[in-house]
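Chemist: There's a structure below that I have some questions on.
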Amino acid sequence: MRVVPENASKETPPVLKKLPKKLVMLRPRILQDSLPNFSSKFKNPCYFDTKRKMHCLPYFFLLGAPKCGTTDIWSKMTSHPHIGCVVKEPHWWTRKSMDKGKDTLAYYESTFITQVISNLSGKGKGKRMKVITGDGSASTFCHNKMWTSFYPKHRKAGPEYIVADVIRTVLPNALLIVSLREPVTRLYSDYLFFHENERKSPEKFHKAAIAAIDGFHSCLNERSLRYCAYTPVDIKVRLHIGLYSVFAKDWLQRYPRNQIMFLRLEDWKAKCTEILPKIFAFLKVGKLSAVKKLLILRN
């Protein structure tokens, strides 16, 4: 990603020279040249390349986990007039950034640029600059596919670097929201959602869950818990996603605690009216009037 600070030379920022090679090879498309120097004109992380073309990345992430109420949370939080988002789950960091022969980064950035520039119709640039954008891909929290091809020597401890390292390198000030749910309920919801063409039943779910648990125990006999969490053997049911502590620990080792907000779906269902304002405060967006807040909660 060839970028330079505004009105600056084309020298590679020193920070790039300090990046471990093993980290760069994980996502070279965004780490191979230099890191963004974000403009202070925008609250959202936006920068200009050597041709003065504008680029934008997300200000916040609704990381997941999958089937933990992220769609409802996203729908309500993005109704705020200062939060401009179109696509909830681009899955860029975990999946599409690895697509070969496609300039997926340009497409990913374009979705945020549009919102920063034109989401608000208020008067003057000052108001427009307040707009923030987000990425609600539920895969970001725990998916690190193909990691064994990058780090084949780490087959006991798990991946040396993960998607969280890449995001932390590019967006160190990002704000992160994680929604979790009682693991068994999440697992059954996940089972019902995927494999649309298959006939499903509680009995089939039970059988698949038992097989997944057996496979997980077999993995633990030879590998670490972290390895087994990042290298799932389950197919019919995604048992590993419920290992929240493994993934939460990794994110907390990369981001300060005050940049991560944890939610429980059970609490969100019971106290949505109390939690939503806390999300807005966490994201540092303006408070809403009682009427506007009521309209959002009705959606």
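Chemist: Using alpha carbon centroids, what distance separates the range 136-192 and the range 213-258, in Å?
Modeler: If you average the Cα positions of each part, the centres end up 9 Å apart.
Chemist: If packing is taken as the average count of other Cβ atoms within 10 Å, what order do 157-168, 50-61, 261-272, 198-209 fall into, highest mean first?
Modeler: Ranking, from highest mean packing down: 157-168, 50-61, 261-272, 198-209.
Chemist: While we're on this one: Output the direction-averaged projected area (hull surface divided by four) of the convex hull of the alpha-carbon atoms of the range 200-244, in nm².
Modeler: 3.0 nm²
Chemist: What pairs from LYS207/LYS269; LYS88/LYS200; LYS41/LYS96; LYS43/LYS287; LYS41/LYS130 go past 18 Å between their alpha carbons?
Modeler: Violating the 18 Å limit, Cα to Cα: LYS207/LYS269; LYS88/LYS200; LYS41/LYS96.
Chemist: Something else about it: Counting only protein heavy atoms and using a 1.4 Å probe, what share of the accessible area of the range 144-200 belongs to carbon plus sulfur, as a whole percent?
Modeler: Summing carbon and sulfur atoms, their accessible area is 55 percent of the total for the range 144-200.
Chemist: Here's another thing I want to ask about it. If each residue of separation counts as 0.36 nm, what is the full-extension length gain between LYS21 and MET98 once their alpha-carbon separation is subtracted?
Modeler: Contour length minus the Cα-Cα distance gives 26.0 nm.
Chemist: Shifting gears a bit: Which net charge results when you count Lys and Arg as +1 and Asp and Glu as -1 among the other residues whose beta-carbon is under 10 Å from that of THR231?
Modeler: Charge balance near THR231 sits at +4.
Chemist: Taking a ≥ b ≥ c as the square roots of the Cα gyration tensor eigenvalues, with a/c under 1.5 meaning rounded and otherwise prolate when a/b beats b/c, else oblate, which class fits the range 47-98?
Modeler: The shape class here is oblate.
Chemist: Residue by residue through the range 207-213, which ³J(HN,Hα) values in whole Hz follow from phi under the Karplus form 6.51 cos²θ - 1.76 cosθ + 1.60 (θ = phi - 60°), with glycine and proline marked x?
Modeler: In residue order, the calculated couplings are 5, 5, 5, 4, 4, 5, 5 Hz.
Chemist: Here is a follow-up. Using a cut-off of 11 Å between beta-carbons, work out the net charge of the residues near HIS143 (Lys and Arg +1, Asp and Glu -1, HIS143 not included).
Modeler: That works out to +3.
The values are calculated or read from the model by the stated rules, or taken from the named source; none is laboratory data. All values reported here derive from a predicted model rather than from experimental measurement. When we count neighbours, we look across all protein chains shown, and the Cβ atoms used for this are built from the backbone with ideal geometry, even at glycine. The protein model used for the area step is the full one, side chains on, heavy atoms only, and it has no ligands, DNA or RNA in it. Shrake-Rupley method; radii C 1.70, N 1.55, O 1.52, S 1.80 Å.
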